[in-house]
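A.B. asks: Input: one structure, supplied below.
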């Protein structure tokens, strides 16, 4: 079987499962808090993971959620991975079928209460762009970004990210309307999405902003 034929027969992570994963993240995040104003996103993600694996769909199946696993390089002889993703959800459809989730800190404050680190560039360039360039989820059509909002001002964080997304619209290969929009996948919850047209596939990034 050629690579093209193999690609055609590879299943996608089911959309109905994405809904459950996003609902679970929102549910788990209700008790998620930073311990200090200098918490790293890795530490917060570890605490989120500890909450998610206690939710029935992850505890009993059908989902398996891994914390910061390596992403295999497309070159099978490579001596290092393509990178690491913060959270990876699989559902028993094979090693390459998963829902990848990357997390970033947003609106981190200094000791005087002022925002000293907005995190918007890191969110877009070091997060979203890795989905767009195929480093994360190279065979899938969806992934997610988590924004840990340190000052709790979610709407301001969303606005900051939206501005950065519009600024990088060409490199992000955004399709109309070229910005963050409320996602219909979770109409009852505030989840956003961006839509991207890549060289061989469309791709949707879901955005969940969490006040910590």
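A.B. asks: At positive phi and either assigned to a loop (DSSP other than H, G, I, E, B) or surrounded by 15 or more Cβ atoms within 10 Å (Cβ to Cβ) (or both), is that true of residue 29?
C.D. replies: no
A.B. asks: Is it the case, given these coordinates, that residue 16 is at pLDDT below 95, within 30 Å of residue 188 (Cα to Cα) and either in a helix (DSSP H, G or I) or in contact with a strand residue (DSSP E or B) (Cβ under 6 Å, 6 or more places away or on another chain) (or both)?
C.D. replies: Considered against the rule, which asks whether it is at pLDDT below 95, within 30 Å of residue 188 (Cα to Cα) and either in a helix (DSSP H, G or I) or in contact with a strand residue (DSSP E or B) (Cβ under 6 Å, 6 or more places away or on another chain) (or both), residue 16 comes out as yes.
A.B. asks: Determine whether residue 25 is touching a helix residue (DSSP H, G or I) at 6+ places or on another chain (Cβ under 8 Å), free of Cβ contacts under 8 Å to residues at least 24 places away in the same chain and within 27 Å of residue 95 (Cβ to Cβ).
C.D. replies: Taking the combined requirement at face value, the residue does not satisfy it.
A.B. asks: Hey, another quick one. Among what's in the stretch 166-201 and is part of a strand (DSSP E or B) and under 16 Å from the mean Cα position of the chain (by Cα), pick the residue that is farthest from residue 126 (Cα to Cα).
C.D. replies: Restricting to residues being part of a strand (DSSP E or B) and under 16 Å from the mean Cα position of the chain (by Cα), the top hit is 182.
A.B. asks: What is the number of the single condition among (1) surrounded by 15 or more Cβ atoms within 10 Å (Cβ to Cβ); (2) at pLDDT below 95; (3) in contact with a helix residue (DSSP H, G or I) (Cβ under 8 Å, 6 or more places away or on another chain); (4) closer than 21 Å to residue 135 by Cα that residue 67 does not meet?
C.D. replies: (2)
A.B. asks: Taking the stretch 194-212, which residues are under 16 Å from residue 12 (Cβ atoms) and either loosely packed, with under 14 Cβ neighbours inside 10 Å or in contact with a helix residue (DSSP H, G or I) (Cβ under 9 Å, 6 or more places away or on another chain) (or both)?
C.D. replies: 196, 198, 200, 202, 203, 204, 205, 206
A.B. asks: So which residues in the stretch 137-156 are modelled with pLDDT under 95 and crowded, with 23+ Cβ neighbours inside 10 Å?
C.D. replies: 137
A.B. asks: Identify all residues within the stretch 86-123 that are closer than 20 Å to residue 40 by Cβ and under 11 Å from the mean Cα position of the chain (by Cα); write none if there are none.
C.D. replies: 86, 87, 88, 100, 101, 102, 103, 104, 123
A.B. asks: Read through the list (1) farther than 22 Å from residue 161 by Cβ; (2) touching a helix residue (DSSP H, G or I) at 6+ places or on another chain (Cβ under 9 Å); (3) surrounded by 13 or more Cβ atoms within 10 Å (Cβ to Cβ); (4) at pLDDT 95 or above, then give the number of the only condition that residue 46 fails.
C.D. replies: Residue 46 satisfies all of (1) farther than 22 Å from residue 161 by Cβ; (2) touching a helix residue (DSSP H, G or I) at 6+ places or on another chain (Cβ under 9 Å); (3) surrounded by 13 or more Cβ atoms within 10 Å (Cβ to Cβ); (4) at pLDDT 95 or above except (2).
The values are calculated or read from the model by the stated rules, or taken from the named source; none is laboratory data. This one's a predicted model, so the numbers in the text were calculated from it and none came from an experiment. As a convention, Cβ positions derive from the backbone with ideal geometry for all residues, glycine included, and neighbour counts pool all protein chains shown.
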